[in-house]
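Since the structure comes first, as structure tokens, the remarks are kept for the end.
The values are calculated or read from the model by the stated rules, or taken from the named source; none is laboratory data. Predicted model, so just to flag it, every value in this text is computed and none were measured. Counting neighbours? That spans all protein chains shown, and the Cβs are built from the backbone with ideal geometry, glycine included. The accessibility values were calculated without ligands, DNA or RNA, using every heavy atom of the protein model including side chains. Shrake-Rupley method; radii C 1.70, N 1.55, O 1.52, S 1.80 Å.
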Amino acid sequence: MNIKSLLLGSAAALVAVSGARAADAVVVAEPEPAEYVRICDVYGAGYFYIPGTETCLRVGGYVRYDASFGDAGSFDGRDAIDVRNGKLQRSWGKNARFALKTWTGQETELGTLKTYTETRFNYTNGETNVDAHFAWMQLGGLRIGVDESSFDTFIGYAGNVIQDTLVPYGGFGTNLISYTFDAGNGFSAMAAVEQGSDQLTGDIKVGPGAVPVEGPIDSYVPNVVVGAKFAQGWGAITGVAAYDSNWEEWAGKLRLDVNVNDALSLWVMGGYGTDDHVARNFYKLWGGNWAVWGGGTYKFNEKVAFNAQVSYDDSKSLGLAANIAYTVVPGLTITPEINWVHQGDFTPGMTTWTGMRKENAVGGIIRFQRDF
């Protein structure tokens with residue numbers, strides 16, 4: 001009986017040891033802690049750290065719907081052919097756009113390293129196109145890539161109206177290399193070398209004949225832009241000068257911004273170019289040698305603002321634009337606008353990009369935009 005008990009006990013011990021060794025053979029790895037997205041508030045709202053890096057990323061953009069009407073010369077209207085009788089008649093101009101924007105920022109020993117991109121997906125009157133409108137990188141004050149010309153961005157756009165180029169004030173999209181120096185006391189200065197844009201290449205009928213329209217640089221000599229600004233709480237004084245290497249012509253603009261109070265802001269800008277042709281120099285697209293623009297914004301409250309602009313040039317072209325921007329809810333704005341333009345040095349039968357041109361053209365546009 002004792003021997004039987006001993007044998008049974010030994011067998012039980014062996015089974016227990018074997019089971020313990022079998023259990024030890026299975027190793028279950030502990031789960032690694034999850035790396036949650038961290039908020040990055042260094043560069044403003046909306047940024048977060050890309051997991052595993054010290055780079056901050058922000059994603060945003062807008063969805064826009066425009067409906068325009070009126071005479072083609074006002075930039076708002078659209079000419080169409082009646083499908084039944086073949087006659088030219090007015091029609092709505094429609095455009096829907098989705099713009100996707102990205103911003104990045106990272107601190108380095110040489111300063112802040114930034115990038116910005118904006119890709120625009122447009123559906124205009126039944127045709128689709130994609131526009132890589134912005135794609136630049138910046139280290140400190142040095143910027144390289146696709147941007148709008150420093151001739152416009154440094155001095156500022158012509159007000160808060162939608163159609164701000166009834167009298168044009170410079171070319172826009174371009175490849176560039178620019179450097180901006182900020183002294184920290186309100187004074188800043190900028191210098192840039194730019195390429196120009198293929199979007200303007202071609203012929204346009206101006207006055208009695210056709211003239212070639214400015215395109216990108218046609219040699220190794222770049223276009224050059226320089227500027228200086230002094231800004232304080234009351235407003236700013238800014239000047240820019242540009243050299244078009246294709247035509248070997250200069251253009252410049254001087255601007256004054258005044259913040260009258262919290263509700264009212266005013267501005268005036270004058271331009272002069274050595275080339276008196278129209279739509280040839282990439283920077284001086286206005287008629288004649290000189291042009292002037294002015295306008296302002298009045299904020300009735302947090303939801304409603306009134307914007308206006310008047311423009312006039314040496315060729316006696318006159319443009320008027322005014323709108324009401326109404327913020328329905330944060331991120332959603334509706335902007336109805338009315339425009340009138342008198343074409344200087346008008347020649348009957350002149351054409352625009354959209355159709356027949358009128359000496360005195362009236363048009364309007366209503367914009368719905370959701371920003372995020």
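Values as computed for the structure displayed
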item	result
For peptides 360-372, 241-253, 164-176, sequence by mean Cβ density within 10 Å, most packed first	164-176, 241-253, 360-372
Hits among lysines - C-alpha to C-alpha of Lys253 under 17 Å, sequence gap 8 or more where chains match	Lys229, Lys284
Hydrodynamic radius (Kirkwood) for region 89-140, which is based on Cα pairs only, to one decimal in Å	13.2
Per DSSP, loop GluC sites (Glu not before Pro) in region 68-143 with at most 12 further Cβ within 10 Å	Glu109
3J(HN,Hα) from dihedral phi, region 145-162, Karplus parametrisation 6.51/-1.76/1.60, rounded to Hz, x for glycine, proline	x, 8, 8, 8, 3, 4, 4, 10, 6, 6, 7, x, 6, 7, x, 9, 7, 6
Residue-normalised accessible area of region 24-182, expressed per residue, 1.4 Å probe, Å²	57
Rounded to the nearest 10 Å², the accessible area of Asp314 at probe 1.4 Å	50
Pair-distance profile P(r), taking every C-alpha pair of region 235-283, with 10 angstrom steps and integer %	24, 38, 22, 14, 2
Low-density loop positions, trypsin sites (Lys or Arg not before Pro), region 81-128 - DSSP coil, at most 13 other Cβ in 10 Å	Arg84, Lys87
